[in-house]
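Notes follow once the structure below has been shown.
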Amino acid sequence: MQEALLTPYPFAQVALPVPMRTLFDYKIPKAMALRHRLMPGMRVKVPFGKSSRLGVIVSFSEQSQWDENNIKPITSLQDETAVIPNELMALCKWAARYYHHPIGDVIFHALPVLLRKGENAEFRTENWWFTTPEGQQKDLESLNKAPRQQDFLKAVQQHPNGMSQNAISSLSLSPSAGKALEEKGLLRREQRSFNKAGEKHTHQTQVPPVLNQEQRLATDHLLDMASSFGVALLDGVTGSGKTEVFLRVMEKLIEDGKQILVMVPEIGLTPQTLKRFESRLHTDIVLMHSHMSDRERLDAWLLSASGHAKVIIGTRSAAFIPAPNLGLIVIDEEHDASYKQHEGFRYHARDLAIKRAQSLNIPVLLASATPSFESLANALQKRFDWLRLRQRAGNAQIPKMERVDLRGQTLVNGFSQHALESMKQCLDRQEQVLVFLNRRGYAPTLMCHQCGWIASCDHCDVNLTVHKRANKLHCHHCDAQKALLHTCPECQSDELFTVGEGTEQIETQLTALFKEVPILRIDRDSTQRKSAMTQLTQKIHEHNQAILIGTQMLAKGHHFPNVTLVIVMDADAGLFSADFRGMERTAQLITQVAGRAGRSKKPGHVLLQTYHPDHAAIECLCNLGYEHFAIDGLAERKALSLPPFFHQVIVRAESGNEQEAMQLLAAMKNDLTPQFPEGLFSVGPYTAIIVRKAGQHRALLSIKSANRAPLHQITALMTNWLEQATRQHKIRFAIDVDPLET
Ligand code: ADP
Ligand code: ZN
Ligand code: ZN
């Protein structure tokens, strides 16, 4: 009689991390099929070309479309269970179709780095030390001659539940003493899996505030939605208590045994946020972000995949974390552009999360004080439930916004007289000032007084930023760096001067102006070390008086109760941007920064320095607020057939040669235009706003349509065309569906 196969299929379709939009067929060896129940989502080793690769099984089949004799067998099986559960496999397949991206790359992107490299999907093990019954009784005096053994045994005797190797090491106990005690039969060792779930939660409990009317209505609404798919937009002004609302909903879901994924922007996760979650939700919380080591990320992934972790707080890539009991996805600061990946697999984590929630039939909560135009349009069209919080929680007031007309004014270090005076008064009241300038470094340009030479990047069409303290010139686009120059390379003059201000310069100048006041700069340069941000925020909380200077890093999520004055140095940045989203971004940033003012009992004040105080957008933002501004902006987008009313795909091409990228896209357009479905518009090819970046000349072609179907149809054709055409050339192309940058 024939033995029954656990995996009754002869072929498997395997995804490999290669830039080909296809799966690869492999034979399932009989012995493997007899011993294992193979499942989609398991990793396998397979031969590929002349080497061997790690792949992920996507499906099985009775037959192959290829000549069976040429199909190679799977070499080995890497997992006993799927590392990509069915639900996520479906999401990956959808994403590969929607973003026109190679399936293998999508699936590998969904895995933590160590699993991509073949690490076992298991908790790492750790040594634990225990006393034997004999060791527990042992009189420590008898070890007087071996003091290190005495110390070791004493420590373990005091821990009846054992001590981890970690704990032993932290006490600097001698490893050889441990071994000696083990040989004497006084101690024993055990391998235990590292799994911090179930540890005691010793955080201080915080008594939750009484919700106000708006918060209560929102919370009730969300609790009503909790058992099926739906998207809610929690649109609440800064400090309106949005976090408080979703903490309530989370508490309830955790009681029901659910897991919750909370997505945060790339740099929006502050130690403050985590502490707040821990003090309110007495459960296992894991983090998933780019500052963690690969091993820490795998540990978090395992804790979530095993269902131990009830709350997962993570950035973009956490959209793919397995969580068997997922009951809610929260996307905080949903308007943030860091949710969209800007290279390779260009997905939008918010849109993926919504798709995922839909197939799991669970709700999604998008929270923001400045919702994206996309989400607002969905709310206006009643596709999303629109929950508005228009008051600040507690006794805090909405800050007053005032425009400061810079025309004809004499500025001191970029500040108007009015701004400087307001700053002095604020500091005199023992309160804090926040100065916002979205440009790090000392100055954006270095120029020669004699010949007009400007320091520009060798690889990009941009100027180099001056960093005085680091004594270098730095390209913020390709990261190229060189030593700061003191003589002009063109005319040898030593009269070089900087143009414009960056945060480093403002810091230097304000330090001279306000000698007694603590001044703290928060930008990407000052917070490079892992702990720097914590230390800086701690300092801010320690002082009454202080000046905080920062870039957009300061705009996100922080709560500095003593900040009562916010100065936006350059409200005009983005006003005349070539990107149609420029104004949306500026308005979001200004509103978010302004929201740092007056977050507790003291009222806040915001000064916007501008050369265009009468500009309709600035006036609207100042007098009527973000919602008005956004609704006007949406009307304009509609009139101009722009997203979100029209859907867009951008095809990007780049090459080292100046013309090649443009020529490629022009040839493609020429070939495919006869096949363009009706209602499709194309613009271009044209060059990128910054044409050359990191030595690559960049061209784009934009395709728009009111409907998605024809857009996807033509994108599939373009992708095929480009794959064929670029096989011979060194031109790279990328498909960007729902692009956020042009
Ligand atoms: P948001 O997420 O909208 O910025 P938070 O939830 O962080 O707002 O709330 C801002 C501050 O107000 C926090 O310090 C929070 O503890 C407090 N807070 C929230 N809701 C209330 C309330 N109903 N009563 C009093 N204080 C509240
Ligand atoms: Zn010169
Ligand atoms: Zn550069």
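With a/c under 1.5 counting as rounded, go ahead and sort the range 261-306 into rounded, prolate or oblate using the C-alpha gyration tensor (a ≥ b ≥ c being the square roots of the eigenvalues; past the cut-off, prolate if a/b is larger than b/c, else oblate).
Here the range 261-306 falls in the oblate category.
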Practice problem: Subtract the Cα-Cα distance of Asp405 and Thr726 from 0.36 nm times their separation in residues, and report this length gain in nm to one decimal. | Solution: 110.3 nm
Quiz item: Roughly how big is the chain's charge dipole about its Cα centre, with Cβ charges of +1 (Lys, Arg) and -1 (Asp, Glu), in debye to the nearest 20?
Solution: 1280
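Looking at the square roots a ≥ b ≥ c of the eigenvalues of the Cα gyration tensor of the chain, which shape do they give, rounded for a/c under 1.5, prolate if a/b is larger than b/c, or oblate?
On the way: a/c = 1.58, a/b = 1.15, b/c = 1.37.
Oblate is the answer for the chain, as a/c is 1.5 or above yet b/c matches or exceeds a/b.
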Quiz item: Any idea how far the Cα center of the range 398-429 sits from the one of the range 320-345, in Å?
Solution: 39
Quiz item: Using 7 Å Cα-to-Cβ label points, what is the Leu624/Ala146 separation (nm, one decimal)?
Solution: 8.3
Practice problem: List the residues whose amide H sits under 5 Å from the amide H of Leu38, counting only those 5 or more places along or on another chain, with H placed 1.01 Å from N in the peptide plane. | Solution: Thr7
Quiz item: Put +1 on the Cβ of every Lys and Arg and -1 on every Asp and Glu Cβ in the range 389-447; which of Gln397, Leu446, Gln425 then has its Cα farthest towards the positive end of the dipole?
Solution: Gln397
Quiz item: Out of Val606, Asn623, Ala573, whose Cα points farthest toward the positive end of the dipole of the range 568-725 (charges: +1 Lys, Arg; -1 Asp, Glu; placed on Cβ)?
Solution: Val606
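Please report the net charge: other residues with Cβ closer than 15 Å to the Cβ of Leu411, K and R +1, D and E -1.
In short, -4.
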Quiz item: Mind checking which aspartates and glutamates have their C-alpha under 15 Å from Lys400, skipping anything on the same chain fewer than 8 residues away?
Solution: Glu619
Self-check item: Spin-label model distance (nm) - Leu360 vs Leu717, 7 Å beyond Cα toward Cβ
Solution: 3.8
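Taking a threshold of 31 Å on the Cα-Cα distance, which of the pairs Lys72/Lys340; Lys340/Lys602; Lys340/Lys730; Lys252/Lys539; Lys93/Lys117; Lys138/Lys310 fall above it?
Values: Lys72/Lys340 38 Å; Lys340/Lys602 37 Å; Lys340/Lys730 26 Å; Lys252/Lys539 35 Å; Lys93/Lys117 21 Å; Lys138/Lys310 42 Å.
From Lys72/Lys340; Lys340/Lys602; Lys340/Lys730; Lys252/Lys539; Lys93/Lys117; Lys138/Lys310, over 31 Å: Lys72/Lys340; Lys340/Lys602; Lys252/Lys539; Lys138/Lys310.
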Exercise. No other cysteine beta carbon under 4.7 Å away is the test; run it over the chain and list who passes.
Key: Cys92, Cys426, Cys478, Cys620, Cys622
Practice problem: Any chance you could run the full-extension gain for Glu421 through Gln450? It's 0.36 nm times the residue separation minus the Cα-Cα distance, nm to one decimal. | Solution: 6.8 nm
Quiz item: Just in the range 315-418: which GluC sites (Glu not before Pro) are loop by DSSP and have at most 12 other Cβ atoms within 10 Å?
Solution: Glu343
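By how many nm would the segment from Lys45 to Phe130 lengthen if fully extended, with 0.36 nm per residue of separation less the alpha-carbon distance? Don't skip to the answer; put the middle values down first.
Values: separation 85, 0.36 × 85 = 30.60 nm, distance 3.93 nm.
Using 0.36 nm per residue and subtracting the Cα-Cα distance, I get 26.7 nm.
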Practice problem: Whole Å is fine, so just give me how far the alpha carbon centre of the range 276-293 lies from that of the range 19-71. | Solution: 38
Exercise. Using a Förster distance of 51 angstrom, determine the FRET efficiency expected from the C-beta separation of Ala532 and Arg35, and round it to 0.05.
Key: 0.50
Quiz item: If we count every other residue with Cβ under 14 angstrom of Leu485's Cβ, Lys/Arg +1 and Asp/Glu -1, where does the sum land?
Solution: -1
Quiz item: Based on DSSP, what percent of beta bridges with both residues in the chain are antiparallel, to the nearest 5?
Solution: 55
Exercise. Using label points projected 7 Å from each Cα along Cα→Cβ, tell me how many nm separate Asp479 and Val499, to one decimal.
Key: 2.8
Self-check item: Amide H partners (placed H, <5 Å) of Ala688, local residues excluded
Solution: Arg698, Ala699, Leu700
Quiz prompt | Residue (of Leu173, Gln149, Ala33) at the positive-pole extreme of the chain, dipole from beta-carbon charges | solution = Gln149
Quiz item: Restricting the count to DSSP beta bridges whose residues both fall in the range 467-586, what percent are antiparallel, rounded to a multiple of 5?
Solution: 50
Exercise. Go through the range 104-198 and name the trypsin sites (Lys or Arg not before Pro) that are in a DSSP coil and have 14 or fewer other Cβ atoms within 10 Å of their Cβ.
Key: Lys117, Arg124, Lys145, Lys196
Quiz item: Can you give the net charge of the other residues whose Cβ lies under 15 Å from the Cβ of Ala369, counting K and R as +1 and D and E as -1?
Solution: -1
Practice problem: Could you compute the FRET efficiency for Glu516 and Glu183, with r as their C-beta to C-beta distance and R0 at 41 Å, rounded to 0.05? | Solution: 0.05
Practice problem: For an R0 of 35 angstrom, estimate the FRET efficiency from the Cβ-Cβ distance between Gln165 and Ser52 and round to the nearest 0.05. | Solution: 0.55
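Read-outs throughout are calculated quantities, based only on the coordinates presented, and are distinct from any laboratory measurement. The model shown is predicted, which means the values in this text are computed figures rather than measured ones. Cβ coordinates were reconstructed from backbone atoms using ideal geometry, including for glycine residues, and neighbour counts include every protein chain displayed.
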